[in-house]
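Taking it in order: structure first as structure tokens, then the write-up.
The values are calculated or read from the model by the stated rules, or taken from the named source; none is laboratory data. Keep in mind it's a predicted model, so treat the numbers as computed, not measured. Heads up, the Cβs are rebuilt from the backbone with ideal geometry, glycines too, and the neighbour counts pull from every protein chain shown. In case anyone asks, the SASA skips ligands and DNA or RNA and just uses the protein heavy atoms, side chains included. Shrake-Rupley method; radii C 1.70, N 1.55, O 1.52, S 1.80 Å.
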Amino acid sequence: MAQTDQRDAAATAPSAAPAAAPAPGEVDESEKGRRVRGIFQKIARRYEMFNALSSLGIYRSWLGRVARLAACEPTDRVIDVAGGTGDVTFEVIRTCPPASVELTDFTKEMLDVADEHIAAGAARGVPVRTRVADAMALPYEDDAFDVYTMAYGLRNFSDRELSMREASRVLRPGGRYVALEFSTPTNPAWRAVYNVYLGHVIPFVGGVLTHDRAGFDYLVSSIREFPPPAQIVRELEQSGFTSVTCHPCTGGIATIYVARAR
Ligand SMILES: C[S@@+](CC[C@H](N)C(=O)[O-])C[C@H]1O[C@@H](n2cnc3c(N)ncnc32)[C@H](O)[C@@H]1O
């Protein structure tokens, strides 16, 4: 079942002052927010092909781990943030179907692709509603969800800690936060191999598939500049989470952060 709500309103919301936090129902209009949204608007239709080719399918095993760590119960209300074309949502549904999912993203074009997947049966009977929403100003009540999932969102936010405080606000006490993000391997040999892949393979495959090499150069620098897991753990603890754990994937190319809302 697919429902769409407030999409046009949010997509055309008046611009907030640069760098100001977006109000509920508006999206980030800071320079970084506009730039990130512009990239995903352009690549939405080729995003999944890029992911599959550039990661040689490895990212699917990371998604499986996210879904297992989310460990949804049949009564759980889930919010998938920066959910894009729905990969995390559909993997969660395949692994441990919850009661419902709010699949949110601030790029309408990515959600359009998710809606097509839902129409083709990817939600397997679980009610999934797509909604344009900014991770830093979620248009939901306090304590509205049992589980918050996210993949590749944190590095794109103009205010990461604000997104964490929003996550903690919309989760009920004890609710689970599960977020996947790229990280840098600590083993020097593996890091050197990974750096070649990051600096050459990703911008090349991305540029060929989407004709937006500059966009992929930006995405690569956002991966390189992303802080180490210990800092993300501290930020989560300062933002209202407890029992924070890190789960490195493929030698630390990515890390899954799991935490409980207080
Ligand atoms: C790399 S994609 C990941 C999509 C999906 N989670 C997946 O695993 O395939 C990053 C997504 O984050 C979204 N995004 C970036 N900043 C956002 C924000 N402030 N609020 C909501 N979504 C955001 C982008 O629109 C994009 O769809």
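For the reader, a short list of remarks on this structure follows.
- Rg over Rh [alpha-carbon atoms, Kirkwood Rh] for segment 47-112: 0.99
- Using the alpha-carbon positions of the chain, Rg (one decimal) and Dmax (whole number) come out as 17.1, 49 Å.
- Measuring r between the beta carbons of residue 141 and residue 204 and using R0 = 30 Å, the FRET efficiency lands at 0.10.
- For residue 175, residues with placed amide H under 5 Å, excluding near neighbours: 261
- Pairs of Cα atoms farther than 26 Å apart, segment 146-262, %: 26
- Averaged per residue, segment 146-223 has 37 square angstrom of accessible surface, using a 1.4 angstrom probe with ligands and nucleic acids left out.
- Overall, the ratio between the Cα radius of gyration of segment 73-148 and 2.2 N^0.38 Å, rounded to two decimals, is 1.00.
- Each label was represented as a point 7 Å from its Cα along the Cα-to-Cβ direction; for residue 213 and residue 192 these points are 2.7 nm apart.
- Debye-sum result for segment 87-222 in log10 I(q)/I(0), which assumes one identical scatterer on each alpha carbon, at q = 0.09, 0.22 Å⁻¹: -0.35, -1.34
- In this simple spin-label model, placing a label point 7 Å from the Cα along the Cα-to-Cβ direction at both residue 41 and residue 21 gives a separation of 2.6 nm.
- Rounded FRET efficiency, nearest 0.05, which uses the C-beta distance separating residue 75 from residue 34 and R0 of 35 Å: 0.35
- Per residue of the chain, the DSSP helices (runs of n ≥ 4 H) give a summed -39500 (n - 2.57) that works out to -12500 deg cm²/dmol at 222 nm.
- Taking Cβ separations below 4.7 Å as the criterion for a possible disulfide partner, the isolated cysteines in the chain are 246, 249.
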